[in-house]
Structure formats: structure tokens, C-alpha cells
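See below for the structure under consideration.
The values are calculated or read from the model by the stated rules, or taken from the named source; none is laboratory data. If you're wondering where the values come from, they're calculated on a predicted model, not measured in any experiment. Positions of Cβ are backbone-derived with ideal geometry, glycine not excepted, and every protein chain shown enters the neighbour counts.
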Amino acid sequence: MKQSARTRFTALALSSACGLLATSAGATDVSMRISWLMNVQNAGYVMAVDKGYFKEAGINVEIAPGGPNINSTTMVASGQNTFGTNDVSALLFGKAEGMDLVAVAACFQKNPSGVLSLAEKGIKTPKDLEGKTLAYNEGGPWTYTQAMLNKAGVDMSKVKTVVAIGNEVLMNGNVDAKTAFVVNEPIALEVQGYKTATLVPADYGVNAYAEVIFAKRDFVEKNHDLVKAYVAAVAKGWDYALKHQDEAVAAVMKLNPELNSEQQKRQLAMQEGFIRSDDTAKNGLCSIDEAKFEDSYQILKKYGGLTADIDIKSIVMPEFNAGAAK
């Protein structure tokens with residue numbers, strides 16, 4: 001770790017993760033609450049600290065872990081953290097609950113929610129789920145999977161659905177497929193010798209960002225230049241992490257040594273296809289688009305239990321796109 005960064009370890013319930021702080025004299029102090037425990041899902045932020053991109057922008061950034069009992073939207077809305085990351089659904093449900101948060105970036109252009117199966121089941125398209133048993137639990141993967149199945153014209157009367165979690169239901173043959181996060185759960189099976197197959201709703205026209213970066217509206221309005229510099233530094237961090245994946249994995253592993261290095265290496269490689277897109281080629285990494293947010297909003301209203309009326313234009317700020325004109 002370079003001298004511009006230091007680490008501290010923080011205890012979480014039955015788990016450990018780290019806080020990461022980039023320090024620079026005379027810079028502005030901010031904090032970033034990630035949505036879960038430290039892993040390569042956060043590699044871009046780690047490298048933005050490690051390579052000095054935040055420091056160059058005049059910003060001191062403390063990265064604080066999330067976890068099973070820590071909600072990043074609540075932490076930011078209450079003022080305990082400056083920036084947060086989470087799935088687009090968390091931001092929209094937070095808005096429905098009265099949180100005055102705005103999205104300034106989205107680092108996963110494709111949501112990693114989807115369907116996981118063993119390759120031997122022959123499930124290569126959504127229609128292949130007809131006549132099969134699909135396990136799900138409520139949440140993002142199931143919400144976006146329902147939208148995918150609808151778009152693909154799947155006859156749901158021919159799909160047996162059961163509520164279940166864990167990869168064991170696939171390994172023991174109880175079900176043919178399950179909803180999953182497809183950038184990490186297949187890897188856990190593959191390292192045990194199983195060949196897997198996945199269906200990704202984003203590949204079937206279901207638009208939903210993940211790793212959305214957000215902050216309180218009043219903070220963003222009062223600190224436009226800082227937010228612009230912050231997003232640009234994050235984009236540089238992700239670009240570096242994807243181009244130097246072994247280095248990025250090693251940096252993340254220093255912060256959370258309990259991680260499995262092989263799984264983290266495979267996950268980061270897989271994430272690249274979810275982070276880079278035609279939009280990011282034009283607008284920069286972590287860029288956002290109002291139309292995609294609107295798509296997510298409509299999906300959540302139809303399948304995710306969201307009932308609030310939300311003006312998407314009021315919470316999405318594409319002017320911070322790293323590749324946008326200054």
C-alpha cells in the first residue's frame with residue numbers, strides 16, 4: 001500500500017472488513033459507505049485510493065464497510081456518510097421512504113442479478129426453464145428474473161417455483177435452477193468442480209444498474225465540483241483495476257484477508273463485462289442514464305413491490321459522467 005493510504009480493520013458482527021482512508025493535507029474529507037463487506041466488487045474504489053486518484057483530486061476518502069446490519073442508503077441519508085453505493089432498487093426504495101438522495105454514478109452498467117444452473121441441466125435460454133424447477137427468494141435477482149421471463153415469453157404455468165436459497169439446492173438436485181448473483185455464486189460452484197450456466201436479465205433487455213453511487217441532494221448541490229472530481233477519480237480507479245486485475249485483487253485481499261483469492265480473481269475478471277459497456281465507451285466508466293433508471297423504476301413497480309410515484313429526473317444526475325463534456 002502506498003504512503004498516501006492506510007488501512008484500519010473494523011469488527012462487524014461475526015465478520016471482519018476494513019475501512020480505507022486516503023489522506024492528504026488541505027484536502028476535503030468525505031466518507032464512502034459500500035453496500036457490503038470489502039471484496040473485489042469495490043476494487044475500483046480501493047484502487048482510486050491506492051493509486052492516489054482521490055488525493056490528486058483534493059479529496060480524503062474513507063471507505064467504510066457495509067454488512068448484514070448496515071444499510072448504506074440509511075447511513076448516507078442520516079448524514080453519517082457522504083457517499084454510498086448500492087443497487088438501484090435500494091436507492092429507489094429509499095426515495096419512496098423519503099430519503100432525499102441523488103444518483104451521481106453507476107459503476108455496474110449491467111446488474112449481476114440472474115439465474116444460475118448446472119450446465120448439465122441444459123438451460124441456455126429463459127424458455128429452457130419451462131418444465132423445470134426454479135428456486136428463488138425475494139429480492140433483486142427474483143425481481144429482475146421475473147422481468148426477463150416476461151420479456152422472453154416464458155409460460156410461467158410451466159415453471160415450478162419454490163422458495164429456497166443456497167447453492168446446495170443445485171448440487172443435491174432438488175431444483176434445476178435458482179436466482180443468484182451471477183458474478184460470484186457460479187464461481188463458488190466452479191471451484192468445487194461443477195460446470196455452470198447463467199441467464200442474465202440485462203442480456204434480455206432488462207435494464208438495471210448496480211453499484212450506484214449516491215449522496216444527499218443538498219451536499220451535491222453545494223459541492224458540484226467536488227462530486228465531479230470524486231466521480232472522475234472513481235472512474236479512473238475502475239479503469240486501473242480492470243487493466244491491472246492481479247494488483248487490484250492483491251490490494252483488496254490486504255483489506256480483507258479472509259477472502260478466497262482465486263474466487264476474487266475470477267470474480268473481478270467476470271465483472272469487467274458488467275462494468276464496461278457501449279455507454280461507458282462514450283460517457284466514461286460509471287456513467288448513468290435517466291432512461292435506464294426509468295426502466296428500473298418500472299420493473300420495480302411491476303415486480304418488486306414499489307408503489308411510490310417517483311420523478312426519475314429529479315434523482316439522476318448524468319452531468320457527473322466522467323466522459324461528459326466539462
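One table, with the values for the structure above:
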| read-out | value |
| --- | --- |
| Boolean, I275 is among the β-branched types (V, I, T), closer than 24 Å to L149 by Cβ and either at pLDDT 95 or above or buried (at least 23 other Cβ atoms within 10 Å of the Cβ) (or both) | no |
| Helices (runs of 4 or more DSSP H) contained entirely in segment 164-267, each with at least 2 residues that are modelled with pLDDT of 95 or more and under 20 Å from the mean Cα position of the chain (by Cα) | 185-190, 224-243, 245-255 |
| Given (1) closer than 30 Å to N256 by Cα; (2) touching a residue at least 60 places away in the same chain (Cβ under 8 Å); (3) of a type outside the set (V, I, T); (4) crowded, with 19+ Cβ neighbours inside 10 Å, index of the condition Q146 fails | (1) |
| Per-region count, segment 292-321, residues part of a helix (DSSP H, G or I), more than 18 Å from E221 (Cβ to Cβ) and of a type in the set (D, E) | 2 |
| M148 being within 22 Å of I299 (Cα to Cα) and assigned by TED's automatic domain parsing to the domain that holds L118 | yes |
| Residue satisfying condition, being buried (at least 17 other Cβ atoms within 10 Å of the Cβ), more than 30 Å from M32 (Cβ to Cβ) and not polar (S, T, N, Q), within set A215, A177, A235 | A177 |
| Conditions (1) at pLDDT 95 or above; (2) part of a loop (DSSP other than H, G, I, E, B); number of the one not met by M47 | (2) |
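Okay, residues lined up against (1) under 16 Å from T280 (Cβ atoms); (2) in contact (Cβ under 8 Å) with a residue 60 or more places away in the chain:
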| residue | (1), (2) |
| --- | --- |
| L189 | no, yes |
| I213 | yes, yes |
| K222 | no, no |
| A229 | no, yes |
| A235 | yes, yes |
